[in-house]
Amino acid sequence: MEPISVVICDDSALMRNLIGKIVESNPDLTVAGTAMNGNFLLKKLPRLNPDVIILDLEMPEMNGIEFLKERRRQNIDIPVIILSSIARKGARITMEALSLGAADFIMKPSGAVSEDINTVAARIIETVHAYGTLYRREKGKEAPPPLMVTPSLPKKKFTVESPVSTKPPDFPPANRTGPEPDGIKIIAIGISTGGPNALREVFSKIDPDLPVPIVVVQHMPEGFTEEFANSLDRICPLEVKEAAEGDIIKPGRVLIAPGNHHLEVEKRRLATIAHITTADPVNGHRPSADVLFASVTKYFKNNMLGVIMTGMGKDGAREIGTIYNSGGFTIGQDEASSIVYGMPRVARDLGYIQRQVSLHDMADTISSIVADYY
C-alpha cells in the first residue's frame with residue numbers, strides 16, 4: 001500500500017525540513033514535495049497529486065488565504081491543513097482559512113528542540129493521517145489503518161503507533177441504571193479532531209428557537225477559542241462566545257471552553273453559571289469533555305443531552321456513560337461522517353450511545369430530541 005502523500009508549502013526552508021521530518025517519521029506518510037509559496041504550489045499540484053496539503057498562511061507572492069481562494073476557484077478538493085502561529089492575528093487568519101475551505105489547522109513548531117515538539121509532532125501526524133485517509137477513501141484508493149494514540153505521548157520523537165484495525169461489533173446500549181430522560185434543559189458537546197468544520201456545520205443549521213443552552217469542549221490551543229467562537233457566532237442563529245468565569249448559561253447561548261482551561265457548570269438558585277479552571281489535564285486534554293460531562297451531569301442528571309463527536313482518543317467516552325446512566329439522552333457521531341472515529345467509537349463500544357447520527361443530520365437530530373423531551 002502506498003503511504004499518504006503530503007505536500008508542504010512554507011516559505012521557510014527550515015520549517016519545510018522540520019515538518020517533512022515529522023511527516024516521514026510515520027511509515028504511513030510520505031512527503032511528495034514542497035513549495036515556498038502558493039504560486040509554486042499550484043504549479044506543482046498536477047504533477048505531485050498529493051493526498052494532503054500542509055499550508056503556511058504568511059508567504060510572499062501568494063499567501064495561504066490567496067491560495068485557498070484560488071483553490072476554491074479551480075475546484076481543487078485536496079484537503080488543506082493550515083500551519084498556524086500562536087498569536088491573535090494568527091488565530092483570526094486561521095479562522096478565515098477555515099471559512100474558505102481549509103480542513104483543519106495545526107500549530108507550527110517553534111523549533112526542532114522546543115519543549116513542545118513531541119506534542120506538536122503527534123498532532124501533525126494525527127491530523128495529516130486522518131484527512132489523508134479520508135481523502136484516499138473518497139477517491140476509491142486503499143487507505144492505511146487508523147492511528148492509535150495513547151493519552152501520554154511516546155518517549156521516542158514523532159512516533160504514533162499504527163496497528164492493524166478491526167471493525168468492532170455493534171454493541172447495544174448498556175442497561176440503564178437510572179431513570180429515563182425527563183425534559184432536556186442543557187446540551188453538552190465534546191469534540192476534537194475534525195471539530196472546527198463539524199461545529200461550523202452543526203451551528204449553522206441549529207434551530208434558532210432552541211430553548212436550551214449549549215456548552216462545548218473543542219480540543220483547541222489557547223488563544224484560538226475566542227476567534228473560533230467569534231467565527232461560529234457569525235454563522236449561527238444563536239449567540240456563540242468563548243466561556244468566561246461566571247458567564248450565565250442560558251437558552252439562546254452557546255459557550256465554548258477556552259483553550260487550555262476546563263469548563264464546568266454550577267447550577268444556582270437563580271441561574272446556571274460557567275466555571276473556568278486550570279485543574280490538571282484529563283485524558284491528556286485541557287479542556288476535557290469528561291470534565292464538562294461530569295459537571296453537567298452533577299446538576300442536570302436526566303435533564304440533559306450529551307453529544308460526542310469526531311476526535312481521536314477516548315475523551316468524553318467515560319462520562320457520557322454517567323450521562324446515560326443518570327437518565328440523560330446520548331448521541332454519538334457515526335463512523336462514516338467522522339474525520340476520526342475515536343471518541344464516539346469508544347463511547348459506542350461501551351454501550352453508552354443511544355443514537356448514532358451523521359454530521360449532516362446532527363443539527364436536526366439535536367433540535368428534534370430537545371423538542372421531544374423539552
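What's the FRET efficiency of LYS241 with ASP364 using the Cβ-Cβ distance as r and R₀ = 30 Å, to the nearest 0.05?
Working: r = 24 Å, r/R0 = 0.80.
Taking R0 as 30 Å, the efficiency between LYS241 and ASP364 is 0.80.
Taking θ as phi - 60°, what are the ³J(HN,Hα) couplings along region 190-198 by the Karplus curve (6.51, -1.76, 1.60), each to the nearest whole Hz, with x for Gly and Pro?
Per residue, the Karplus-derived 3J(HN,Hα) values read x, 7, 9, 4, x, x, x, 6, 5 Hz.
Helix 64-73 versus the longest principal axis of the chain: what angle, 0 to 90°, nearest 10, using Cα atoms?
90
Of the listed peptides 262-272, 5-15, what is their order by residue-averaged count of other C-beta atoms within 10 Å, with the highest listed first? Write down the numbers at each step before the final one.
Values: 262-272: 15.7, 5-15: 19.9.
Descending packing order for the listed peptides: 5-15, 262-272.
Mean-square fluctuation check for the chain, GNM, Cα pairs under 10 Å: which of PRO287, PRO146, PRO179 is largest?
PRO179
Can you pull the one-decimal nm distance between simple spin-label points at ARG72 and GLU266, each 7 Å off the Cα toward Cβ?
Roughly 4.3 nm, to one decimal.
So in the chain, what percent of DSSP beta bridges are antiparallel if you round to the nearest 5? Provide the component values of the computation, followed by the final result.
On the way: 10 of 53 bridges.
Close to 20 percent.
Three principal axis extents, largest first, for the C-alpha atoms of region 34-94, in Å?
The Cα atoms of region 34-94 stretch 35, 20, 20 Å along the principal axes, largest first.
Mind ranking 333-343, 59-69 by how tightly packed they are, going by the mean number of other C-beta atoms within 10 angstrom, highest first?
Numbers: 333-343: 22.7, 59-69: 18.8.
With the highest mean Cβ count within 10 Å placed first, the list reads 333-343, 59-69.
In this model, which of LYS241/LYS301; LYS108/LYS205; LYS44/LYS141 are farther than 23 Å apart at the alpha-carbon?
Numbers: LYS241/LYS301 25 Å; LYS108/LYS205 32 Å; LYS44/LYS141 21 Å.
Long pairs (Cα-Cα over 23 Å): LYS241/LYS301; LYS108/LYS205.
List every residue whose amide H lies under 5 Å from the amide H of GLY252, counting only residues 5 or more places away in sequence or on a different chain, with H placed 1.01 Å from N in the peptide plane.
Residues meeting the criterion, in which the H sits 1.01 Å from N, are VAL212.
Near the amide H of ALA32, under 5 Å away, which other amide H atoms are found, from residues 5 or more places off or on another chain, if H is placed in the peptide plane?
Under 5 Å from the amide H of ALA32 lie the amide H atoms of VAL6, VAL7, each far enough along the sequence or on another chain.
Anyone know which of ILE273, ILE22, ILE186 comes out most mobile in the 10 Å Cα GNM of the chain?
With Cα springs under 10 Å in the chain, the top fluctuation among ILE273, ILE22, ILE186 is at ILE273.
Which aspartates and glutamates have a Cα lying under 18 Å from the Cα of LYS69, excluding residues fewer than 8 positions away in the same chain?
ASP10, ASP56, GLU58, GLU61, ASP77, GLU96, ASP104
Find the relative contact order for the chain and round it to a whole percent, using C-alpha pairs within less than 8 Å whose residues are 6+ positions apart.
Working: 843 pairs, mean separation 52.1, N = 374.
Relative CO of the chain lands at 14 percent.
Given springs between every Cα pair under 10 Å in a Gaussian network model of the chain, which of VAL307, VAL23, VAL212 has the largest fluctuation?
VAL212
If you fit an axis through the alpha-carbon atoms of helix 13-24 and take the longest principal axis of the Cα set of the chain, what angle between them do you get, 0 to 90°, nearest 10?
60
In region 1-143, what % of DSSP beta bridges are antiparallel (nearest 5)?
Numbers: 0 of 18 bridges.
Roughly 0 percent of the beta bridges in region 1-143 run antiparallel, per DSSP.
Let me know the Rg and Dmax you get for region 186-373 when you use only its Cα atoms, in Å.
14.4, 43
Would you kindly state how much longer the chain becomes between SER204 and LYS139 on full extension, computed as 0.36 nm times their sequence separation minus their alpha carbon distance, in nm to one decimal? Display every interim value, and only then the final one.
Numbers: separation 65, 0.36 × 65 = 23.40 nm, distance 2.76 nm.
Length gained, SER204 through LYS139: 20.6 nm.
Which of TYR341, VAL254, VAL282 sits farthest toward the positive end of the charge dipole of region 186-373, with +1 on the Cβ of Lys and Arg and -1 on the Cβ of Asp and Glu?
VAL282
Could you give the size of the charge dipole of the chain about its Cα centre, using +1 on the Cβ of each K and R and -1 on the Cβ of each D and E, expressed in debye and rounded to the nearest 20? Provide the component values of the computation, followed by the final result.
Working: 41 positive and 46 negative charges, 39 e Å.
Around 180 debye, computed over the chain.
From the phi of every residue in region 138-143, what ³J(HN,Hα) in whole Hz does the Karplus formula 6.51 cos²θ - 1.76 cosθ + 1.60 yield, where θ is phi - 60° and glycine or proline is x?
4, 8, x, 9, 5, 10
Can you tell me the length gained on complete extension of the stretch GLU335 to ASP349, counting 0.36 nm per residue apart and subtracting the Cα distance? Intermediate results must be reported in sequence, preceding the final value.
Values: separation 14, 0.36 × 14 = 5.04 nm, distance 1.23 nm.
Using 0.36 nm per residue and subtracting the Cα-Cα distance, I get 3.8 nm.
Throughout, read-outs are computed from the coordinates displayed, never taken from laboratory work. Fair warning: this is a prediction, and the values are worked out from it, not measured in the lab. All Cβ positions, glycine included, derive from the backbone under ideal geometry; neighbour counts span all protein chains shown.
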